[in-house]
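The values are calculated or read from the model by the stated rules, or taken from the named source; none is laboratory data. What you see is a predicted model; the values in this text were computed from it and never measured. Cβ placement follows ideal geometry from the backbone for every residue including glycine, while neighbour counts extend to all protein chains displayed.
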Amino acid sequence: MYQHLYQRFLQANAGKQHFACHSHHYWPDVTRDAMLAYWDDSARLVDHKWQHIFSERVPHTQQLIADILNLPKPEQIVFAPNTHELVLRLLSCFDWQQPLRILTTDSEFYSFSRQVKRLAEWDSVTVDYIATEPFASFEQRFCQAAAAHHYDMVFCSQVFFNSGVAINDLSAFVQKLAASTDAMLVIDGYHGFMAVPTDLSQISERIFYLSGSYKYAQAGEGCCFMAVPADNHYRPLYTGWFAEFGTLSADKTAQVQYSSDGYRFAGATMDFAALYRLEAVLSLFSRQGITVPVIHQYVQGLQQQFLAQLAALQHPLINTARLLCADVQQHGHFFTFRLDSSEQVASLAAALQQQGIETDYRANRLRFGFALYQLAEQFDLSCLKHI
Ligand SMILES: Cc1ncc(COP(=O)(O)O)c(C=O)c1O
């Protein structure tokens, strides 16, 4: 149904069943043209390339993202090569010589969790972790914790990378958090953007929302972004010269001035080829009416068919009883099965790979992802009868 958009990646991987899409998504064919367009623009415009990128390509890509997330101010979106750079920039808004207290979960991706673990080696930094399990009570426990102390930063994923479990009503969750704390609120939306329908219009003034091109936006590595609340007064210490672009904010007494829009959180020179790819994919989807609700509905259909095939197979390890979260509606675009040990997961994933089934795993958790380029009628899990 959508496979014609992905001919090059599908041809290059003929015979494989790719269930690792939550990790490495196939790229639509338009991304190849985008790479060539970037090369051609570089050759054609040379020194004037930057003018073209900042006056045309960046605003258009900001608009496409803003349309998807229902963000009222596209200029509040800033780009960076990876989310780690943006995470560190957010952390650098605080004075690390003063006490800093952060609330987060036990299920955040390493770009954040490793960085704050390192920071917490200093006595001045405290990080409190709330377990995501049991999932049914997570939101309530997290909001209660946010109210229990004074926090400087609260950081949580929209869909957790190690389970696929989603915060289903992000607006309500953030509004509840915002009522409990005046901390900087950060949502890692990497597994949410372009996968689960997300409307940030009610909460855009309150949260920093992080995501990027690599996963469900299908444009490859190198173009992450952050939606920044308007009129914030943060002054990141880790700041690059792009943060001085455009109109500067009014604080003339400070020695270092910042842009008045999302570029306040910008770094410096980056390779914009990934932004060209992202623009190409989002434009294609916009032209063809492939909205996030359409994608989500299609993927949920795939997930149901996958579970039906599994039910028929009755495999002792890959079955619904092993799903980390029983509520299939409370998921992003991948399922996670908890096995007995990391060795068991590694050998099962290797056996599946030998049969052309690509998955991925973390510790004792095996993950199966779903995407537009899959067809349910092509799912063939019959090898599970023997492994
Ligand atoms: C939840 C989440 N956030 C962020 C990232 C990527 O981080 P970075 O762009 O810093 O490499 C990933 C990648 O797997 C992720 O799963």
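Quick notes on this one:
- Where ALA145 falls short, out of the listed (1) within 16 Å of the ligand (Cβ to nearest atom); (2) over 29 Å from HIS24 (Cα atoms): (1)
- Strands (runs of 3 or more DSSP E) wholly inside segment 258-375 that include at least 1 residues being touching a helix residue (DSSP H, G or I) at 6+ places or on another chain (Cβ under 7 Å), more than 22 Å from TYR214 (Cα to Cα) and not assigned by TED's automatic domain parsing to the domain that holds VAL165: 334-338
- Some residue of segment 181-198 being within 28 Å of PRO28 (Cβ to Cβ), away from the ligand (no atom under 16 Å from the Cβ) and either under 20 Å from the mean Cα position of the chain (by Cα) or outside any helix (DSSP H, G or I) (or both): yes
- Cβ-Cβ distances below 8 Å connect the following pairs, each with a first residue in segment 52-73 that is farther than 24 Å from GLN202 by Cβ, a second residue that is modelled with pLDDT under 95 and surrounded by fewer than 21 Cβ atoms within 10 Å (Cβ to Cβ), and a separation of six or more residues or different chains: PHE54/PHE245.
- VAL125 under 24 Å from the mean Cα position of the chain (by Cα) and buried (at least 20 other Cβ atoms within 10 Å of the Cβ): no
- For segment 148-172, a residue qualifies if it is within 16 Å of the ligand (Cβ to nearest atom) and part of a helix (DSSP H, G or I), and exactly one does: LEU170.
- Spans of strands (runs of 3 or more DSSP E) in segment 71-146 with at least 1 residues within 28 Å of SER260 (Cβ to Cβ): 77-80, 100-105
- Taking the criterion of being free of Cβ contacts under 8 Å to residues at least 24 places away in the same chain and exposed (fewer than 11 other Cβ atoms within 10 Å of the Cβ), the residues of segment 284-299 that qualify are ARG287, GLY289.
Condition check ((1) at pLDDT below 95; (2) touching a Phe, Trp or Tyr at 6+ places or on another chain (Cβ under 7 Å)) across all residues:
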position	(1), (2)
GLN202	no, no
ILE207	no, no
GLY220	no, yes
PHE225	no, yes
ASP231	yes, no
TRP241	no, no
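- Residue in segment 208-231 that is among the hydrophobic types (A, V, I, L, M, F, W, C), touching a residue at least 12 places away in the same chain (Cβ under 8 Å), more than 22 Å from LEU91 (Cβ to Cβ) and more than 16 Å from the ligand (Cβ to nearest atom) present: no
- Among the residues of segment 4-12, none qualifies, meaning not one is assigned to a loop (DSSP other than H, G, I, E, B), away from the ligand (no atom under 16 Å from the Cβ), closer than 18 Å to SER213 by Cβ and in contact (Cβ under 8 Å) with a residue 24 or more places away in the chain.
- In segment 61-102, of all residues being among the polar types (S, T, N, Q) and surrounded by fewer than 19 Cβ atoms within 10 Å (Cβ to Cβ), the one that is farthest from THR269 (Cα to Cα) corresponds to GLN98.
- Which listed residue, of VAL58, VAL46, is part of a helix (DSSP H, G or I) and crowded, with 16+ Cβ neighbours inside 10 Å: VAL58
- Every residue from segment 16-43 that is touching a residue at least 60 places away in the same chain (Cβ under 8 Å), of a type in the set (Ser, Thr, Tyr) and either farther than 18 Å from ARG277 by Cβ or assigned to a helix (DSSP H, G or I) (or both): THR31, TYR38
- Here LEU10 meets the list (1) within 25 Å of GLY289 (Cα to Cα); (2) outside the structural domain of GLY356 (by TED's automatic domain parsing) almost entirely, failing just condition (2).
- Candidates ALA183, ALA172, filtered to the one that is touching a strand residue (DSSP E or B) at 6+ places or on another chain (Cβ under 9 Å), hydrophobic (A, V, I, L, M, F, W, C) and in the same structural domain as GLU139 (by TED's automatic domain parsing): ALA183
- Positions within segment 144-163 being of a type in the set (A, V, I, L, M, F, W, C) and buried (at least 24 other Cβ atoms within 10 Å of the Cβ), in sequence order: VAL154, PHE155, CYS156, VAL159, PHE160
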